1. Right, residue B:139: open to solvent by 10 Å² or more (accessible area, probe 1.4 Å), under 20 Å from the mean Cα position of the chain (by Cα) and either under 15 Å from residue B:182 (Cα atoms) or assigned by TED's automatic domain parsing to the domain that holds residue B:52 (or both) or not?
2. Condition (residue is within 14 Å of chain B (Cβ to nearest Cβ), modelled with pLDDT under 90 and within 27 Å of residue B:72 (Cα to Cα)) applied to region A:17-27: is it met by at least one residue?
3. Taking residue B:122 and the conditions (1) out of contact with any Ser or Thr (no Cβ under 9 Å at 6 or more places or on another chain); (2) more than 14 Å from every other protein chain (Cβ to nearest Cβ); (3) open to solvent by 10 Å² or more (accessible area, probe 1.4 Å); (4) part of a helix (DSSP H, G or I), which numbered condition does it fall short on, given that it satisfies the others?
4. Within the bounds of region B:161-178, is there any residue that is part of a helix (DSSP H, G or I) and in the same structural domain as residue B:84 (by TED's automatic domain parsing)?
5. For region A:130-145, indicate whether the set of residues that are surrounded by 22 or more Cβ atoms within 10 Å (Cβ to Cβ), more than 8 Å from chain B (Cβ to nearest Cβ) and either in contact with a Gly (Cβ under 8 Å, 6 or more places away or on another chain) or not polar (S, T, N, Q) (or both) is non-empty.
6. Given the conditions (1) away from chain A (no Cβ under 14 Å); (2) hydroxyl-bearing (Ser, Thr, Tyr); (3) open to solvent by 40 Å² or more (accessible area, probe 1.4 Å), which single one is not true for residue B:66?
7. Do we find a residue being more than 20 Å from residue A:137 (Cβ to Cβ), assigned to a loop (DSSP other than H, G, I, E, B) and touching an Asp or Glu at 6+ places or on another chain (Cβ under 8 Å) anywhere in region A:47-67?
8. Looking at B:94, B:153, B:103, B:157, which is the one that is open to solvent by less than 20 Å² (accessible area, probe 1.4 Å) and of a type in the set (Lys, Arg)?
Amino acid sequence: MTVIDLSKQPNADSDLRLFLDTVCETHELDFAAYAGVNPIAQTVHGFVNYPDEWQKLYVEQGFQHRDPTLLTAARSIAPVDWVRLRQEDSFRTLFRAAHDFGIAEQGLTIPVRGPYGDIGLFSVTRNCSDKEWGLLKKKILGEMQHLAVHLHDNVVRSHALTRALTSPSLSARETEILQWVAAGKTQQDVADILNISNRTVEVHLRSSRSKLGALTTSQAVGRAIGLGLIHPN
Amino acid sequence: MIIVVDGLNRDRYGRLLDEMFALRARVFGKRLGWEVDIKDGKEIDQFDALDPAYVIGVNDNGKVVSCVRALQTTGPHMLSDVFSAILDGDQPLRSPTIWESTRFCVDTEALDRGKTRNSVSYATCELMAASLEYAQESGISDIVTVIDPIMDRVLKRSDCAPYGYVGKTTPMGKVPAMAALLDCSDERIEKIRNFAGIEGNVFMDEDAAAALADPVAPEIDHSLFDAIMSAGPQPDAETRNMLEQYCHDQASAAQSRDELHAANRLAGVLFEAGMINRRKPKFFVC
């Protein structure tokens, strides 16, 4: 099971829900949620794969106005492990209610900051011991960061105005490296050709993937060709 | 010892932050002569308003002796906004697993030479190791850091040489500045720790942190986020009017055919997005 590439999807709500489901299946998680604010388009997005009854109660109780996994976590640049929020009253109220739906306190929220003041909050949870949670978190955290930004970027770009403002802008180095990769060179080949370290090449590729909304380097190459940013010989 | 102050706990550590801003004023304003804004002896810029994470070194007397600031590269940060000269007008890196580190400094007046725990060398290495460990703990694998050539030499001498650079070395006041790349790997952290003889956990425990907190802890202000979250899906009438007025002003102020086309294109995009009512008001003359 691989996580779906959202940039290829029409971005219907069902696809976003499917994205959350595959993230959970791939990474041994129970539930996932996304909430985002796009101040340019003045839109708010939210979707979750929590049980319907819990979603209903959540809205009825107005938890979105005091949920610390959203509101407090939004002020961090680092992923916020919910253990950090446990002493807040609002956290205890929320999770006392959530407990009846099999939703545990072990979870984390990844805050995403976009270039236009847009904020995305991607959160995941898993019912397990704190120790197990710690191990799982360490294993999946880097990947979760990438998925959170992929999801957020695609939601933000689903709005016509933001899409018009956010055409990918690669640096000269990123373009040069993608051009060599498109010509079939390996990462080490490119490092040797440009006389820079292998890891510098890797960092520029990672940045290119992020800017092009791609999950893999091949997708990034394909998209860069499609946008006329690089030209295969 | 090291403490991390971020948007979640900054309301509790006003005193530490004030000392940190004062240290930055002495280092970047006076010693390095960078063009920074200093008010009331504190150096604070627009990025400090974005809830960055600060990794702060504190001595045994509870005084701030070192600090560095971290921001995500997916959103606004210094290389994308104000240090663009270093990138020679080129685009900055953007990745969920790369952070930018800026304003790295240590208090050379409060610390001494030599290699003891109270030395410049130890405090520098402790802060470097701590910031890499904090980033690694957050799922970050690389850091792009804005430094001067002196700091670059310090990194190389401390067995922590950057594995690469982006952009070029650019004058930034009395000294030039550059953007270096560091991996947040166990290997690099180990090398720094070995170099300075740092053992055990460098981050202070909850009790030590509580002892440094301000006397009264005010509630975190959620009002702004709440206001945005409850703003609703589409612009209200007033915003629509302002956007339409803006499009009108852009079109009227156009000096050339290209500018007029650009203004009309913007109006078109806003209209397509359902954010203004009229695509081409009567005053738009093409």
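1. yes
2. Looking for residues that are within 14 Å of chain B (Cβ to nearest Cβ), modelled with pLDDT under 90 and within 27 Å of residue B:72 (Cα to Cα), one finds none in region A:17-27, hence no.
3. (1)
4. For region B:161-178, residues part of a helix (DSSP H, G or I) and in the same structural domain as residue B:84 (by TED's automatic domain parsing): absent.
5. The answer is no; no qualifying residue exists.
6. Residue B:66 satisfies every listed condition except (3).
7. So far as region A:47-67 goes, no, none of its residues is more than 20 Å from residue A:137 (Cβ to Cβ), assigned to a loop (DSSP other than H, G, I, E, B) and touching an Asp or Glu at 6+ places or on another chain (Cβ under 8 Å).
8. B:103
The values are calculated or read from the model by the stated rules, or taken from the named source; none is laboratory data. Being a predicted model, the structure only gives us computed values, none of them experimental. Cβ coordinates were reconstructed from backbone atoms using ideal geometry, including for glycine residues, and neighbour counts include every protein chain displayed. Each accessible area value is taken on the protein alone, full model and side chains, heavy atoms only, with ligands, DNA and RNA left out. Shrake-Rupley method; radii C 1.70, N 1.55, O 1.52, S 1.80 Å.
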